[in-house]
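A short worksheet on the structure shown next.
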Amino acid sequence: MSALALAIPAVAARQSIMNRGASREGTDLLDDVRLCLDPLVGSAVRAQLAGAGAQLRADAARHTERWFHGHAARSLRLVRAIPEGRESQLDDLQLVGELLMGSLTDRSR
């Protein structure tokens, strides 16, 4: 299965992140950052989210607002607790939030 085929459900399903342990939350958030910023699949992930149904977009927008804007500092601590995420910056999470919100709220696509 391609990375893109796996990516769309992974990003869309993150609304359940609050029900996971802190280490898993950090891994999920880091996965979202990697997928959204990936030069090969990032734009496709965002385009598919933009074309998703209204309920999925609304749920993903709530997730994005919470974890990449409202609780971005907490999200960064969780991401940095994962060895692969130690170099992450708040700007990275905020950029992902902006990219996702643009895809989820722009209906001109």
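Please treat every number below as a calculation from the coordinates, not as lab data. All values reported here derive from a predicted model rather than from experimental measurement. Please note: Cβ atoms are built from the backbone with ideal geometry, for glycine as well, and neighbour counts cover all protein chains shown.
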Original post:
Residue separation times 0.36 nm, minus the C-alpha to C-alpha distance between Glu65 and Arg24: what's the value?
Top reply: 12.8 nm
Subject >> Gln55 versus Leu95: modelled label distance in nm, points set 7 Å from Cα along the beta carbon direction >> reply: 3.5
